[in-house]
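Working notes, beginning with the structure itself.
The values are calculated or read from the model by the stated rules, or taken from the named source; none is laboratory data. Just so it is clear, the structure is predicted and the values come from calculations on it, not from any experiment. Don't worry about glycine lacking a Cβ; one is built from the backbone with ideal geometry, like all the others, and counts go over all protein chains shown.
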Amino acid sequence: MEFLNQKMPAYIYEKGNIVRLIVSTALFALIFINIYKPFSSSHWYPVSDFKFFVFSSLIILTGVLVVVISRVVMYHWGKKYTISVGRYAFWIVAEIVFMSLFYAIYTLSVHPERDYLSTFKESSINTGLVLLLPYVALHFYFSYQEKERRLRVLEENREESLFKQNVYNFYDEKKELRLSVKKENLLYIESADNYVLIWYLNKSHLTKFILRNSLKAIEENLDGTHVRRCHRSFMVNFEQVKVIRRQKEGLFMEFDMGSVPDIPISKTYTEKVMHWFVTYSA
């Protein structure tokens, strides 16, 4: 009972998969009826094989309307309500019953002398084969596709996670990504009115990128990283700081590059900077 109450995977009643199921079922039914001649179909009309194929195609397509209507209802129902395994099984049984009724009625209209009960029984067996065989195959296919999709998502998330671990991303005031810098290449960030200047190494050369945003917003975005505020106008990548030097004017940080200016440390951040420098240099 617990199994019957389990929720059916959402991919079963996704629009694309419903279309695939309907088309595949129609094609399978057409092949099935032309090869095995169920429902006494070979005696429907005394016509050539080609004409029989044309007539059977029309009849099969009409019968498949049951599946079309059923799956359209399922698609909208699944958006609002949970479809359990038990309910889905009942749904398929209902499809078989209604399609069996259609083919039984059609067979009896062509051969009214046939027994009603035996005709419906034969119709139910053949309809069950027509529907269940492609259903089972497609459900295995849908399950495989879903597993492949999940693996791709996991791989993409892993790659994105690795990317985020190896780079610093910078967004403008509209939250649009404007620059990604490898962590080892970022040096410092400087405030400039309504902009920030991002200084980084590009082919061993000091390079500047102008970004419309505030230093405060950049600080919030880089919270928890090695890029920390050391002054009201500066943030530095502590992984790249080599020396902290005291002068009459105050404390300054040095990088291991002659072209990079010394970055001042304000009194407000002195204690934090010393802690970060020791921590990130360890």
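On the given criteria, is residue 86 at pLDDT 85 or above, exposed (fewer than 12 other Cβ atoms within 10 Å of the Cβ) and small (Gly, Ala, Ser)? So residue 86 fails the test. Would you pick out the residues in the range 108-124 that are touching a residue at least 60 places away in the same chain (Cβ under 8 Å) and either among the aliphatic types (A, V, I, L, M) or out of contact with any His (no Cβ under 9 Å at 6 or more places or on another chain) (or both)? Passing the criteria: 110, 114, 122, 123.
I'd like to know if the range 150-158 contains one or more residues that are in contact with a Gly (Cβ under 6 Å, 6 or more places away or on another chain), outside any loop (DSSP other than H, G, I, E, B) and either acidic (Asp, Glu) or modelled with pLDDT of 80 or more (or both). The answer is no, given that none of the residues of the range 150-158 is in contact with a Gly (Cβ under 6 Å, 6 or more places away or on another chain), outside any loop (DSSP other than H, G, I, E, B) and either acidic (Asp, Glu) or modelled with pLDDT of 80 or more (or both). Criterion first (closer than 27 Å to residue 176 by Cβ and of a type in the set (Gly, Ala, Ser)) does residue 266 satisfy it? No: the conditions fail for residue 266. Restricting attention to the range 43-77, the residues that are surrounded by 17 or more Cβ atoms within 10 Å (Cβ to Cβ) and at pLDDT below 85 add up to 7. Pairing each residue of the range 1-13 that is part of a helix (DSSP H, G or I) and surrounded by 11 or more Cβ atoms within 10 Å (Cβ to Cβ) with any residue that is aromatic (Phe, Trp, Tyr) and at pLDDT 85 or above, provided the two are 6+ apart or on different chains, yields C-beta distances under 9 Å for 11/142; 12/88; 12/142; 13/75; 13/77; 13/88.
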